[in-house]
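These notes concern the structure reproduced below.
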């Protein structure tokens, strides 16, 4: 079955170690204390004596040279000591304390920071990324100590093409951009949303091996409608309400033109834009620039991988996905992104006349064609009231509990941003699913916004479910030696590979087929035995291996669609002649790994 998707079964779920070559010297244009204050080049006490002499560092550091490995061990001891000292304190306090110690290392020594992050990715990703990043964004103005990334605002109109050259790196490969209008499930956080691009790019470095000197987080501040922030004396953003309409789009246009003018080959990831602007900007730029929207397309890909995995867990052929009854709670950018990608998958399996069994709800209940002022983006998924809804005893605006009881869905998928919306009544109704192994995905972030907890899902819906979440939960002990596996449907599985594959292919833009290739690659990663146990996603510890596979799948899809133009010394013809295995190895070889490079002053 999986060979039909283009992935060899012999490779499923197999992690391969990465080897690290000694890097060549790095040319620096600084000397003395300027180097110690630059986290890209600073080695703290790790500068060898000869380097201290040639860079004017002798006397600016204690005399003893501490090895990279010793520095690493010392930091980890300090971190574990902090963990012991914060036992019993409120969870939010503990998470922010952990974030602070990692952030201080990031500010001081990027090489050591990324080595720590890569080697402890499962433990540290939840601190620098989801879910702690949401807490950081909520408190960012008070936490701010040192700028990272770039800030463009509505007050900079007409100046962005010159401002972009203030960034010190001549080469940028990956940009994550937000306007702060819909941060996770927390809403409008204005300029404080910069924490999201910073966290996402940390994952690009750790998971995809993008060189940290070539990443750029960008905050586009067009104001905020969050009155609490506007009244906060510490708030660091513009004190005005958000721009709208053409005035808003003209600002985004100017920024995108400035980015493209300086770094025409950079991949731009849009992140946490409110739904109306997420879709508008995606359609506006995706055919002209190499960009994608992670909330619309990345979330959709991870969810689709989970949905395809659910079909495998049921022991059904993949083509049975077209027959799955899926209830989707949430009609924002993430929900619509999943629906669009799932629709494309069903169409490939059943043809353009396919009629997928999707039931979509928003805050007003079940969406049908009778809904007034219906968002045009939702219209393709609105059920025809007379034929599809009334025949099973439902109606426009029906509640979630009513829909689950009447539809008996194979999958309940939450992208609502409303914590606890999968109530005991709803979860118990999933016991009557028409599937022998129903799936419940509580995808909203951060943890407090999850539609339900893993413990409640297994308690009320039964132990024979497949469970996925957006935030991390512990596996659930079901008794008698059985385990309820928690699958964190984390965008981290896909967006690093999408970005890296697009970059290395030199793709002119990121197509639907490139995104579908990424999702299908992830869906095929686990072995049949693992999937039957309810394990749909691999361990985050294997994230670099996963990203290499996903990135190579994206690269091959770009080549097959004749979108690839090559990258660096590898041209389009070279990519066209790569075998599947060679494409994976090509991606691996282009992953940066943190080691101290010898520094030479220019």
Of the residues that make up region 338-357, is at least one in contact (Cβ under 8 Å) with a residue 12 or more places away in the chain, on the phi > 0 side of the Ramachandran plot and out of contact with any helix residue (DSSP H, G or I) (no Cβ under 8 Å at 6 or more places or on another chain)? no
Determine whether residue 393 is under 28 Å from the mean Cα position of the chain (by Cα) and either surrounded by 18 or more Cβ atoms within 10 Å (Cβ to Cβ) or modelled with pLDDT under 95 (or both). no
Test result for residue 54, in contact (Cβ under 8 Å) with a residue 60 or more places away in the chain and surrounded by fewer than 17 Cβ atoms within 10 Å (Cβ to Cβ): yes
Can you list residue pairs whose Cβ atoms sit under 6 Å apart, with the first residue in region 571-594 being surrounded by 19 or more Cβ atoms within 10 Å (Cβ to Cβ) and the second being in a loop (DSSP other than H, G, I, E, B)? Count only pairs 6 or more apart in sequence or on different chains. 575/564; 591/209
Looking at residue 183, is it in a loop (DSSP other than H, G, I, E, B), within 19 Å of residue 39 (Cβ to Cβ) and in contact with a helix residue (DSSP H, G or I) (Cβ under 6 Å, 6 or more places away or on another chain)? no
Could we say that residue 247 is part of a helix (DSSP H, G or I), in the same structural domain as residue 123 (by TED's automatic domain parsing) and either without any contact (Cβ under 8 Å) to a residue 60 or more places away in the chain or more than 25 Å from the chain's Cα centre (by Cα) (or both) here? yes
I'd like to check something: does region 299-316 contain any residue that is surrounded by fewer than 24 Cβ atoms within 10 Å (Cβ to Cβ) and either in the same structural domain as residue 523 (by TED's automatic domain parsing) or farther than 21 Å from residue 441 by Cβ (or both)? no
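Yes or no, residue by residue, for (1) crowded, with 24+ Cβ neighbours inside 10 Å; (2) modelled with pLDDT under 95; (3) touching a strand residue (DSSP E or B) at 6+ places or on another chain (Cβ under 7 Å); (4) in a helix (DSSP H, G or I):
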position	(1), (2), (3), (4)
177	yes, no, yes, no
191	yes, no, yes, yes
195	yes, no, no, yes
229	no, no, no, yes
If I ask for residues that are over 40 Å from the mean Cα position of the chain (by Cα) and outside any helix (DSSP H, G or I), which ones from region 46-59 would you list? 56, 58, 59
Taking the condition surrounded by 24 or more Cβ atoms within 10 Å (Cβ to Cβ), in a loop (DSSP other than H, G, I, E, B) and touching a strand residue (DSSP E or B) at 6+ places or on another chain (Cβ under 9 Å), does residue 536 pass? yes
Taking region 407-439 and the residues there that are assigned to a strand (DSSP E or B) and either in the same structural domain as residue 186 (by TED's automatic domain parsing) or more than 20 Å from the chain's Cα centre (by Cα) (or both), the one that is surrounded by the most Cβ atoms within 10 Å (Cβ to Cβ) would be 412
Which listed residue is in the same structural domain as residue 206 (by TED's automatic domain parsing) and free of Cβ contacts under 8 Å to residues at least 60 places away in the same chain, from 126, 62, 147: 147
With the structure loaded, tell me whether residue 585 is assigned to a helix (DSSP H, G or I) and farther than 30 Å from residue 39 by Cβ or whether it fails that test. yes
If you go through region 166-174 one residue at a time, do you hit one that is under 15 Å from the mean Cα position of the chain (by Cα), under 19 Å from residue 260 (Cα atoms) and touching a residue at least 40 places away in the same chain (Cβ under 8 Å)? yes
Grab the helices (runs of 4 or more DSSP H) fully contained in region 60-125, keeping just those with 1 or more residues being at pLDDT below 95 and within 28 Å of the chain's Cα centre (by Cα). 68-85, 91-108
Exclusive hit being out of contact with any strand residue (DSSP E or B) (no Cβ under 9 Å at 6 or more places or on another chain) and crowded, with 22+ Cβ neighbours inside 10 Å, set 114, 140: 140
Residue 328: at pLDDT 95 or above, more than 18 Å from the chain's Cα centre (by Cα), crowded, with 17+ Cβ neighbours inside 10 Å and within 22 Å of residue 433 (Cβ to Cβ), yes or no? yes
Can you pull out every residue in region 143-157 that is at pLDDT 95 or above and touching a strand residue (DSSP E or B) at 6+ places or on another chain (Cβ under 8 Å)? 149, 150, 151, 152, 153, 154
Among residues of region 440-454 being out of contact with any helix residue (DSSP H, G or I) (no Cβ under 7 Å at 6 or more places or on another chain) and over 18 Å from residue 399 (Cα atoms), the residue surrounded by the most Cβ atoms within 10 Å (Cβ to Cβ) is 450
Per the list (1) assigned to a helix (DSSP H, G or I); (2) farther than 25 Å from residue 469 by Cβ; (3) over 18 Å from the mean Cα position of the chain (by Cα); (4) in contact (Cβ under 8 Å) with a residue 40 or more places away in the chain, residue check on residue 600 breaks on (1)
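Table: residues versus (1) under 19 Å from residue 533 (Cα atoms); (2) not in a helix (DSSP H, G or I).
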position: 459; (1), (2): yes, no
position: 467; (1), (2): yes, yes
position: 483; (1), (2): yes, yes
position: 487; (1), (2): yes, yes
position: 503; (1), (2): no, no
position: 516; (1), (2): no, no
Are any residues in region 285-329 touching a residue at least 24 places away in the same chain (Cβ under 8 Å), in a loop (DSSP other than H, G, I, E, B) and closer than 22 Å to residue 465 by Cβ, and if so, which ones? 314, 315, 317, 324
Residue 397 passes all but one of (1) outside any loop (DSSP other than H, G, I, E, B); (2) in contact (Cβ under 8 Å) with a residue 12 or more places away in the chain; (3) out of contact with any helix residue (DSSP H, G or I) (no Cβ under 8 Å at 6 or more places or on another chain); which number fails? (1)
Of everything in region 332-372 that's at pLDDT 85 or above and assigned to a loop (DSSP other than H, G, I, E, B), which residue is nearest to residue 279 (Cα to Cα)? 332
Condition (residue is within 30 Å of residue 464 (Cβ to Cβ) and either out of contact with any helix residue (DSSP H, G or I) (no Cβ under 9 Å at 6 or more places or on another chain) or assigned by TED's automatic domain parsing to the domain that holds residue 442 (or both)) applied to region 561-572: is it met by at least one residue? no
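The values are calculated or read from the model by the stated rules, or taken from the named source; none is laboratory data. In this text the structure is predicted, and so the values were computed from the model without any measurement. So basically every Cβ, Gly included, is an ideal-geometry build from the backbone, and we count neighbours across all protein chains shown.
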